[in-house]
Amino acid sequence: QVQLVESGGGLVQAGGSLRLSCAASGRTFSSYTMGWFRQAPGKEREFVAAISWRDVNTYYADSVKGRFTISRDNAKNTVYLQMNSLKPEDTAVYYCAADPRVTIATTPRAYPYWGQGTQVTVSS
């Protein structure tokens, strides 16, 4: 069982940066694949980025590639999403998710554990 709590969201101007954090509880955090998803009003939840448990593999949605960076600190049970060059279309609620499998998945249904989400708003 893993419990996830996101933080770091807020209001930022276009071109700015934010760093989201996701604190996880549970002794097996280091063995989970961790992902970030987002959901804008009226839209489906979409994949943003994921990182494997050994921090070896990362995967990004095309829309954020080159601007966002996912990382994890297993000693702190925390995963991060550094977001640079933010655009108004990045505005959404951002969710952290955990998957006990080794392979990286990009579909929400693959992740059994979710945080409550943190709002990111990018003004133009």
Handout entry: Contour minus Cα-Cα distance for residue 25 and residue 65 (0.36 nm per residue)
Key = 11.6 nm
Completion exercise
Any GluC sites (Glu not before Pro) in the range 25-124 that lie in a DSSP loop and have at most 13 other Cβ atoms within 10 Å would be 44
Exercise for the section: Compute the accessible area per residue over the range 12-105, keeping the other protein chains in place, probe 1.4 Å, unit Å². Expected result: 50 Å²
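Where the accessible area of the chain is counted over protein heavy atoms with a 1.4 Å probe, how much of it, in %, is carbon and sulfur? The partial results should precede the final answer.
Numbers: 3040 of 6400 Å².
Answer for the chain is 48 percent, counting heavy atoms of protein chains only.
Once you mark the trypsin sites (Lys or Arg not before Pro) that are in a DSSP loop and have at most 16 other Cβ atoms within 10 Å, what is the longest gap between them in the chain?
Working: sites that count: 27, 43, 54, 65, 67, 76, 101.
Result for the longest clean stretch: 1-26.
The values are calculated or read from the model by the stated rules, or taken from the named source; none is laboratory data. Worth saying up front: this structure is predicted, and the values here are computed from it rather than measured. Cβ sites come from the backbone with ideal geometry, for glycine too, and all protein chains shown count toward neighbours. Calculation scope for accessible area: heavy atoms of the full protein, side chains included, ligands and nucleic acids excluded. Shrake-Rupley method; radii C 1.70, N 1.55, O 1.52, S 1.80 Å.
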